[in-house]
Amino acid sequence: DVFTTSSPIEITPVIYLKNQGKLVQIDLGTYVHVKQFELGLWYRGVPFVSSAGGNEAVVGLIGYTKDAISIGFSHDILLSGISGFASGANEITFNYFFNSEKEGTLQKFLRKRGRLPCPRF
């Protein structure tokens, strides 16, 4: 399986930079993979900026994967000005990976080049 490594614990840092017009958003996060479990912690917003679109949320997530099925749960804790009107968001994710045993072109490429583990849910 291309998603399995020999290391018992994998840590994957992630940075997303989004820009549309004058709006900029940065997502900083880390996933910790331990066997079939995944934990994650994210910050969404623009650090050190208190104006609109500045600090938006902190997101925690947990997931479990077994064979071709994965399930995950995440919760957003709002940091922005709307936090007085909303308590955050919950998300439950269920995935089934079709043909997970069949190695495709992308999996062959990643196996040759090395890979960065990504969340499966």
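The values are calculated or read from the model by the stated rules, or taken from the named source; none is laboratory data. Please read all numbers here as calculations on a predicted model, not as lab measurements. Glycine gets a Cβ as well: all are built from the backbone with ideal geometry, and neighbour counts include every protein chain shown. Note: areas computed on protein heavy atoms with side chains; ligands, DNA, RNA excluded. Shrake-Rupley method; radii C 1.70, N 1.55, O 1.52, S 1.80 Å.
Mind listing just one residue for me: the one in region 1-21 that is at pLDDT below 80 and open to solvent by 100 Å² or more (accessible area, probe 1.4 Å) and, of those, nearest to V32 (Cα to Cα)? Can you show your working first?
Step one: list which residues in region 1-21 are at pLDDT below 80, which gives 1-7.
Adding the requirement that they be open to solvent by 100 Å² or more (accessible area, probe 1.4 Å) leaves 1, 6.
On the way: D1: 19, S6: 15 Å.
Taking the candidates together, the pick is S6.
Does region 73-87 hold any residues that are surrounded by 14 or more Cβ atoms within 10 Å (Cβ to Cβ), modelled with pLDDT under 85 and not hydroxyl-bearing (S, T, Y), and which are they?
L78, L79
Among residues belonging to region 37-53 that are farther than 19 Å from A89 by Cα and modelled with pLDDT of 90 or more, point out the one that is least open to solvent (accessible area, probe 1.4 Å).
In this case the residue turns out to be E38.
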